[in-house]
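Peer 1: Pasting in a structure now, in structure tokens, and then I'll have a few things to ask.
Computed from the coordinates by the stated procedures, all read-outs in this text should not be read as laboratory data. Quick caveat: nothing in here was measured; it's all calculated off a predicted structure. Every residue, glycine as well, gets a Cβ built from its backbone with ideal geometry; the counts of neighbours run over all protein chains shown.
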Amino acid sequence: MKILVIGQGGREHTLVWKLAQSQLVEKIYCAPGNAGIAQIAESIPMPDRFTDLADWAASENIALTVVGPEAPLVEGIVDVFRERGLKAFGPDKRAARLEASKDFAKQLMVQNDIPTAKHQTFTDVEAAMAYIEDYNAPVFVKANGLAAGKGVIPGRTFKEALQAVTTILVDKAFGDAGDSVVIEEELIGEEASFTVLTDGTYCLPFVTSQDHKMSHDGDTGKNTGGMGAYSPAPVITPELHNDVMQRIVYPTVNGMADIGRPFKGVLYVGLMITDAGPKVVEFNCRFGDPEAQVLFPRLKSDLAPLLIACIDETLEQYAADVQWHDAAAACVVMASGGYPDPYETGEVITGLEDADAIEGVTVFHAGTKQDGANIVTAGGRVLGVTAVAGGLHDAIQQAYQGVSAIHFDKAHARSDIGYRALEKL
Ligand code: AMP
Ligand code: GLY
């Protein structure tokens, strides 16, 4: 079969890499892709209109379209493909609301007794400020809509919280995404990412993973899309795993079905493991990035039939046969100096082949592009240097060997990816 993958980041390179190993897959296209993806798939431009892409997919007999990022899902790309009779993996527009609106997600959780931080939603500045004053404890202030992972501002002090409300509701730093603001209590604990495939009824959990969102060592600096990840995440014990499935995952998927918004695709649950048990920090409607880079290398089974089974509502038939490598994986992101603030692009990258030659190492591209004979930087997160080994310690060490082999001007990587997990081993 022919497959189309949509997106251009490290997650999409990993998806293409994994799907290319499938016996069922004869050709992969990627819109728009990056320099690494172009080595294994044919890049096509991403048209402005989903209908144009669907027309192209129909004319090319694309059997499966896999949507990587949240934005096209939230804008309804799956609906457009489905209307054409094409299979596209991911939630439709109504179901993607789970990520598109934090207030919607909160209401779903409240209605279904899903553990999460206490919250209130405001459109009015004065009312939001009065609530913060009254609440008198650290909060998180969040733009309600999609803000590319940047719309969450900690308000650890009263002043910080007020400033965050002003930034979102008055200064409109995140545009329409900040038409309303969700203010929630600060949750204390360790974070973990929980990834589930679902066909709207049956839920298939992936192995566990954990990312590092902050830009600098010791989880300091600024919030980013993710500076590295590892799998498994030892913080998720088997008991916790069960708890998350029963108290969070199934109530969410069932709750969406109950309100006529059946959710098919990836449910990514950002968790905080608190003293009172796991609580939901956020839902995403797509694979995590860079979590995907440590999940797919551990998946032994063919991914293509699993994604199709989510669309066809036959996931349960496949679930028992899904196999994982009994190994650990680590991914270290190499970013452009300055990211997540403004950074330069166009820096020549060297050493990619040397890194790929290291045992267990695969370099997934994010912001890269081909420039004549060179591969150059073209984004904030540039590469996800990933290693698979018998244990987490070795996987992390090998990923860092890969990082040492690669050079570009002003490259920045954290030096402590996986430190929390290593403390637990
Ligand atoms: P989000 O985009 O909602 O995942 O938030 C980004 C990051 O902010 C999360 O990964 C957490 O590290 C942090 N965060 C968000 N909400 C809370 C909360 N209620 N308590 C503690 N940390 C939070
Ligand atoms: N790594 C976090 C995310 O994909 O949202």
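Peer 1: Sort 356-367, 249-260 for me by packing, meaning the mean count of neighbouring Cβ atoms within 10 Å per residue, highest on top. Show your work: numbers first, answer last.
Peer 2: Values: 356-367: 21.1, 249-260: 17.5.
Put in order of decreasing packing, that is 356-367, 249-260.
Peer 1: Let me ask something additional. Residue separation times 0.36 nm, minus the C-alpha to C-alpha distance between Gln120 and His407: what's the value?
Peer 2: Going from the current span to full extension adds 98.7 nm.
Peer 1: Would you mind checking which residues have amide H under 5 Å from Gly200's amide H? H placed 1.01 Å from N; only 5 or more apart, or other chain.
Peer 2: For Gly200, whose amide H was placed from the backbone, the distant partners under 5 Å are Gly265.
Peer 1: Still on this structure, please answer the following. In terms of the Cα gyration tensor, with a ≥ b ≥ c the square roots of its eigenvalues, is the stretch 28-78 rounded because a/c is under 1.5, prolate because a/b exceeds b/c, or oblate?
Peer 2: Because a/c hits 1.5 or more and a/b fails to exceed b/c, the stretch 28-78 counts as oblate.
Peer 1: At 7 Å along Cα-to-Cβ for each site, give me the label-to-label distance between Met245 and Asp55 in nm.
Peer 2: The modelled label-to-label distance comes out at 4.6 nm.
Peer 1: Another question about this same structure. Can you list which of the GluC sites (Glu not before Pro) found in the stretch 12-111 are DSSP loop residues with at most 14 other C-beta atoms within 10 Å?
Peer 2: On the way: sites: Glu12, Glu26, Glu42, Glu60, Glu70, Glu75, Glu83, Glu99; in loops: Glu26, Glu60, Glu75.
Filter output for the stretch 12-111: Glu26, Glu60.
Peer 1: Let me make sure I get this right: for the stretch 27-146, a, b and c are the square roots of the gyration tensor eigenvalues over alpha carbons, sorted descending. Under 1.5 in a/c it's rounded, otherwise prolate if a/b > b/c, else oblate. Which is it?
Peer 2: prolate
Peer 1: Okay, moving on. Distance between Cα centroids, the stretch 388-410 to the stretch 252-269: provide it in whole Å.
Peer 2: Each part's Cα centre sits 37 Å from the other's.
Peer 1: Just to verify a number: FRET efficiency for Thr314 and Met214, C-beta to C-beta distance, R0 = 41 Å, to 0.05?
Peer 2: After rounding to 0.05, the efficiency reads 0.55.
Peer 1: So, one more: Estimate the FRET efficiency between Gln323 and Asp179 by the formula 1/(1 + (r/R0)^6), using the beta-carbon distance for r and 41 Å for R0, to the nearest 0.05.
Peer 2: Approximately 0.35, to the nearest 0.05.
Peer 1: Further question on the same structure: Write out the GluC sites (Glu not before Pro) in the stretch 140-189 meeting two conditions: DSSP loop, and at most 13 other Cβ atoms within 10 Å of their Cβ. Spell out each step's value before the answer.
Peer 2: Details: sites: Glu160, Glu184, Glu185, Glu186; in loops: Glu186.
Loop-located and lightly packed - Glu186.
Peer 1: Hey, another quick one. Dipole size in debye (nearest 20) for the chain around its Cα centre, Lys and Arg Cβ +1, Asp and Glu Cβ -1?
Peer 2: In total the dipole reaches around 280 debye.
Peer 1: With unit charges on the beta carbon (Lys/Arg positive, Asp/Glu negative), name the residue among Tyr318, Ala378, Ser415 whose Cα is farthest towards the positive pole of the charge dipole of the stretch 303-425.
Peer 2: Toward the positive end, the furthest listed residue is Ser415.
Peer 1: So how far, in whole Å, is the C-alpha centre of the stretch 327-360 from the one of the stretch 293-310?
Peer 2: Here the two parts' Cα centres lie 24 Å apart.
Peer 1: While we're on this one: Going toward the positive end of the dipole of the chain, with +1 on Lys and Arg Cβ and -1 on Asp and Glu Cβ, which of Ala54, Cys30, Gly145 do you reach last?
Peer 2: Ala54
Peer 1: If Lys and Arg each add +1 and Asp and Glu each add -1, what is the summed charge of the other residues whose beta carbon sits under 11 Å from the beta carbon of Val235? List each step's numbers first, then the result.
Peer 2: On the way: positive: Arg420, Lys424; negative: Glu190, Glu191, Glu423.
Residues close to Val235 contribute a combined charge of -1.
Peer 1: Tell me, what is the FRET efficiency for Gln111 and Asp371 to the nearest 0.05, using R0 = 41 angstrom and their Cβ-Cβ distance as r? The partial results should precede the final answer.
Peer 2: On the way: r = 51 Å, r/R0 = 1.25.
After rounding to 0.05, the efficiency reads 0.20.
Peer 1: Also: If you bin the C-alpha pair distances of the stretch 300-357 every 5 Å from 0, what whole percents do you get?
Peer 2: 4, 12, 14, 12, 10, 11, 11, 16, 9, 2
Peer 1: Using 0.36 nm per residue of separation minus the Cα-Cα distance, give me the extension gain between Glu75 and Lys222 in nm, one decimal.
Peer 2: Difference between extended and current length: 50.1 nm.
Peer 1: Taking the Cα centre of the stretch 1-104 as origin, work out the dipole magnitude from +1 charges on Lys and Arg Cβ and -1 charges on Asp and Glu Cβ, in debye rounded to 20.
Peer 2: Roughly 280 debye, rounded to the nearest 20.
Peer 1: Continuing with the same structure: What dipole magnitude, in Debye to the nearest 20, does the stretch 236-334 give about its Cα centre under +1 on Lys/Arg Cβ and -1 on Asp/Glu Cβ?
Peer 2: Values: 7 positive and 13 negative charges, 41 e Å.
Dipole of the stretch 236-334, to the nearest 20 debye: 200 debye.
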